[in-house]
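Visitor: My questions all concern the structure below.
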Amino acid sequence: MVLNQLEELASKASEELGKVSDSKELEAWRVRFLGRKSNLTQILRSLASLPLEERRAVGARANEIKLTLETSLEEKKRELEEGSVVSLGMVSLDVTLPGKPFNLGRLHLTTQVLEEVCGILGGMGFQVAEGPDVEWDYYNFEALNMPADHPARDMFATLWIDYEKESGIRPMLLRTHTSPVQIRVMEKSRPPIRIIAPGRVYRYEATDATHEWMFHQVEGLAVDKNITMADLKGTLFEFARCLFGKDRKCRFRCDYFPFVEPGVEVAIDCFECGGTGCRLCGNSGWIEILGAGMVHPDVLRRVNIDPDVYSGFAFGIGVERIPLLRYGIDDIRLFYANDLRFLSQF
Ligand code: DAH
């Protein structure tokens, strides 16, 4: 009689365990079949009141069932902890397996800095202008006071495009700087002009830690009545402070670029050592950040802007140089090697 009850209980318990799918249900199952008030516990407690023969048989079987249920409970617990195996038709899916990472895209470091630079200058009222990467010799050199055979062309190792031979028209090249955009803008518009021209530039260069054959520049140009060197200074000082910190000092020194007169090289005091000298600034205390100057009268004349009425300033910034300095990156080739281990740090 009691034995029958036990068998029924055992099969009911294992049937119910099969339906358990989470730890909450499992606990309910434990209370129901193994708890203090469960039938099994009651039977075990009442053994003493049974006649000796029956007591032995029932006791043995009840303990056996208790052990089986306890083992099944442990197994089920482990199964639930280790991983819920969800069956979807034919495929079983282990939802606890690590997922495939879904990589979020990000802007390239160069793009981030370009946006920052254009944001600062845009805030001062400069508008973005663009020019082609494949450029005529005229815009890249001639109109910028570098006629054929001018020695200043040696400053720009040029990637020529063999266009002249085939067409007999004009020599073409990959622009070596963004300065040709100055000419294109001045040809098409009249002062007041305030533009910046961000973009790629190319040099026929053997690459090493400090040289790439392709990099970026941002050109600036302002032409109006009464534009002076003081305007250039004010603009670039403010720009340097926005970019490298408000306590930066700036230094202007004479430099030569054929398309400006006077030409200057602009440096900031080293933000690493504060000007006392360190590795970053090559112990000079100063870091050169860009070239600039007052637009050469001949350049204005060539685009039919009267230099007796108008004057202007121009500047050109190397974009990659900014994060190179800021983050202490020691190899420019990292920028375009497309290694995400490098790029995803920014
Ligand atoms: N185009 C020059 C270069 O690539 C940089 C430069 C210098 C731009 C002076 C300017 C400037 O507009 O005024 O090295």
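Bear in mind that the values in this text are calculations on the coordinates, not laboratory data. Since this is a predicted model, take the numbers as computed values, not measurements. With ideal geometry, Cβ positions are generated from the backbone for all residues, glycine too; neighbour counts draw on all protein chains shown.
Visitor: Under the rule a/c < 1.5 gives rounded, and otherwise a/b versus b/c splits prolate from oblate, where does the range 168-255 land using the Cα gyration tensor? The partial results should precede the final answer.
Guide: On the way: a/c = 2.58, a/b = 1.19, b/c = 2.16.
Here the range 168-255 falls in the oblate category.
Visitor: Which cross-chain or sequence-distant (5 or more) residues have an amide H under 5 Å from the amide H of VAL260, H modelled 1.01 Å from N in plane?
Guide: HIS296
Visitor: Shape of the range 100-240 from its Cα gyration tensor (a ≥ b ≥ c, root eigenvalues): rounded if a/c is under 1.5, otherwise prolate when a/b > b/c, or oblate? Don't jump to the answer; show the numbers that get you there.
Guide: Numbers: a/c = 1.85, a/b = 1.08, b/c = 1.71.
It is oblate, given that a/c is not under 1.5 and a/b is not larger than b/c.
Visitor: Can you compute 3J(HN,Hα) from phi for each residue in the range 38-47, using the Karplus curve 6.51 cos²θ - 1.76 cosθ + 1.60 with θ = phi - 60°, rounded to whole Hz and x for Gly and Pro?
Guide: Listing the rounded values in order: 5, 4, 4, 4, 4, 4, 4, 5, 8, 3 Hz.
Visitor: Taking amide H positions as placed 1.01 Å from N in the peptide plane, with prolines and chain starts having none, which residues 5 or more places from VAL201, or on another chain, fall under 5 Å of its amide H?
Guide: For VAL201, the qualifying residues are PHE215, HIS216, GLN217.
Visitor: Cα gyration tensor of the range 109-343, axes a ≥ b ≥ c as square roots of the eigenvalues: rounded (a/c below 1.5), prolate (a/b > b/c) or oblate?
Guide: Details: a/c = 1.76, a/b = 1.18, b/c = 1.49.
It is oblate, given that a/c is not under 1.5 and a/b is not larger than b/c.
Visitor: Select from GLY291, ASN39, PRO258 the residue farthest towards the positive end of the dipole of the chain; place +1 on Cβ of Lys and Arg, -1 on Cβ of Asp and Glu, and compute about the Cα centre.
Guide: Farthest along the dipole direction, towards plus: ASN39.
Visitor: Residue by residue through the range 340-345, which ³J(HN,Hα) values in whole Hz follow from phi under the Karplus form 6.51 cos²θ - 1.76 cosθ + 1.60 (θ = phi - 60°), with glycine and proline marked x?
Guide: For the range 340-345, the Karplus-derived couplings read 5, 4, 7, 5, 6, 7 Hz, x marking Gly and Pro.
Visitor: Which cysteines does the chain leave without a neighbouring Cys Cβ under 4.7 Å?
Guide: CYS118, CYS242, CYS250, CYS254
Visitor: Another question, then. Restricting to DSSP H runs of at least four residues, report the calculated mean residue ellipticity at 222 nm for the chain, -39500 (n - 2.57) per run over all residues, nearest 500 deg cm²/dmol.
Guide: Numbers: 12 runs with 133 residues, N = 346.
Helix contribution divided over all residues of the chain: -11500 deg cm²/dmol.
Visitor: Moving on. Once whole DSSP H runs in the chain are found, which of them have Cα atoms spread over 20 Å or more along the helix axis and a mean Kyte-Doolittle score of at least 0.5? Walk me through the numbers on the way to the answer.
Guide: Working: long enough: 2-19 (26 Å, -0.43); 52-82 (45 Å, -1.10); 109-123 (21 Å, 0.91); 229-244 (22 Å, 0.71).
Membrane-span-like by this rule: 109-123, 229-244.
Visitor: In debye, nearest 20: dipole of the chain around its Cα centre with unit charges on the Cβ of K, R (+) and D, E (-)?
Guide: Working: 42 positive and 51 negative charges, 290 e Å.
Result for the chain is approximately 1400 debye, rounded to the nearest 20.
Visitor: Okay, next question. Given the options GLY282, THR176, MET214, identify the residue whose Cα lies farthest towards the positive end of the charge dipole of the range 109-343 (+1 on Cβ of Lys, Arg; -1 on Cβ of Asp, Glu).
Guide: GLY282
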